[in-house]
Structure formats: C-alpha cells, structure tokens
Amino acid sequence: MDALIEDLVAANRILAAERVVDAFGHVSARHPENAGCFLMSRARAPEIVGKSDIMEFTLDGEPVDARGRKTHLERFIHAALYEARPDIQSVVHNHSRSVIPFAITEEKLKPVAHSCASIGQEVPVWDAQDKFGDTELLVSDMPMGRDLARAVGDGKCVLMRGHGCTVAGNSIREAVYIAVYLEVNAELQWKAGRLGKTVFLTAGEIEKVNARLSQGKPGEGYETAWEYWCGRADVASSTDAKGPRLGF
Ligand SMILES: [Zn+2]
C-alpha cells in the first residue's frame, strides 16, 4: 500500500514535469486490497501532491473519509472506469494541449511512431453534448462518467470534445506511459500533417509493439520510461508534499 501511494505521488509529479497536467488534471490507482475503492489526491495541482494528500474513494465517486478535504469534481471519470473495467488499475485525466485539436476536428488521432502504439489504433472521441446537451463540459456525476466509460470501450484512451482526454492502464506506470505518449503522438501527427500525407503505423505494427511492451522485460518499456521520468521530475528526492505548506 505504501509503495502504491509513493508511485501515485510520483505519477502526479511526472505528469506535471512532462506537461501532461498543469494546475488541473489528475491520476488515480485502484486500491490494492479493495477493488471496490480507488486512491486519488485531494483537489490540488498534481505538481505539489504529497503522500498525505491521497484520499480513498468508492466506485460511486464518493470519498470514504473526506475529513473536510476538497475533492476533484471529475472524480466520476475514475470511478466509472474502475466500475466498468475490472482490468483497469490506474486512470489519468488531463487537458494536454496538443491532444485537444484532435477532439474538436475531423482529424483522427492514430499512432504515427513506435513509442506511441499503446494509444491504440484510433482514439475515440466522446462528446458530452450527444447525451447531456449543453453542460460545463466537465464529468460531474456518475451518469456522465459511465457514458464516458462506454466510449472508452475495451480501449485505453478517449478524447473528450472541447475538454481533454482520459487514459486507462493495467498499472500506474502503463497509464502514465500512455498519457505521455498520447500527447507526444498528437504533437508529431500535427507536425507531420503540415508537411504532407502522413503514414500511420499499421494494425500489425501496433499489435507487435504492444505485445513486446506487455512482456515487461527489465530494461525495456514502462520501467525504463518510469525511471527516466522519475529522475526528470526529481521524485527520488522526496514524495512528501513540496512547495508551501497550506495548513492542511
Ligand atoms: Zn477535465
């Protein structure tokens, strides 16, 4: 449990250092001993999240013991994905800048490079407007969360029209990896599109890259990336809350 919380704090710091999240965005992990709960920070910017900020939530998105702490409004994204998919162990939600254009145009986000194969063959777009009409565009209750989870289907990513994206993984490391490379792919695909006709990875290539990644060999894939990102985010120095103490 301690190791998982440390990894969750590290994931917050990494996603901030890699500019996947800014003041907003969040990452969660399923509770290691109780599959009916998940762990996520209280509402604060990921870059300054520490171990003491991590809270427990049930799969209806409600905190187990809030103790006056403010929670992320969009915790229902996480709750609904854990409810719908027993295989999902970690969820990232963010508004990274290169991704959003693909959620508001006809252009489909598809892997253009080896390292981005884990985003899947074509990332679906969820539009809150389709079922809920005019909203604040935030996933603010379970019906919206469940509708989003349906759009994810059996994939790993979904774009959210006029808002951002959500990524799911079998581990914190996998979810962080996919979230980082979803942003990378969006930037590469956009740049390539300005130069000429883009050649995307084939379905067979995507399958082969992902099969290799899922084997999780030491020195390859998620672990190598995680170690590198921990260094860039200065995670090793401390996973305690950094920045000014706010008296919580
Ligand atoms: Zn959001």
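Some points to look at:
- Consider segment 10-33 and keep the residues that are assigned to a loop (DSSP other than H, G, I, E, B) and under 15 Å from HIS78 (Cβ atoms). The one that is farthest from the ligand (Cβ to nearest atom) is HIS31.
- Check on ARG146, over 28 Å from TYR228 (Cβ atoms), of a type outside the set (Gly, Ala, Ser), assigned to a helix (DSSP H, G or I) and in contact with a helix residue (DSSP H, G or I) (Cβ under 6 Å, 6 or more places away or on another chain): yes
- Segment 93-132: number of residues that are acidic (Asp, Glu) and assigned to a helix (DSSP H, G or I): 1
- Here is the figure for segment 142-156: residues that are within 14 Å of the ligand (Cβ to nearest atom) and either touching a Pro at 6+ places or on another chain (Cβ under 9 Å) or among the acidic types (Asp, Glu) (or both) total 0.
- Exclusive hit being within 12 Å of the ligand (Cβ to nearest atom) and surrounded by fewer than 23 Cβ atoms within 10 Å (Cβ to Cβ), set GLU136, GLU107: GLU136
- Scanning segment 43-92 for residues that are open to solvent by less than 60 Å² (accessible area, probe 1.4 Å), away from the ligand (no atom under 16 Å from the Cβ) and part of a loop (DSSP other than H, G, I, E, B) turns up VAL49, GLY50, LEU59, ALA66, ARG69, ARG85, ILE88.
- If you filter segment 157-186 down to residues that are surrounded by 21 or more Cβ atoms within 10 Å (Cβ to Cβ) and β-branched (Val, Ile, Thr), you find that the one that is farthest from the ligand (Cβ to nearest atom) is ILE172.
The values are calculated or read from the model by the stated rules, or taken from the named source; none is laboratory data. Since this is a predicted model, take the numbers as computed values, not measurements. Neighbour counts are summed over all protein chains in view; Cβ atoms, including those assigned to glycine, are modelled from backbone coordinates with ideal geometry. Remember, those area values only see protein heavy atoms, side chains included, never the ligands or the DNA or RNA. Shrake-Rupley method; radii C 1.70, N 1.55, O 1.52, S 1.80 Å.
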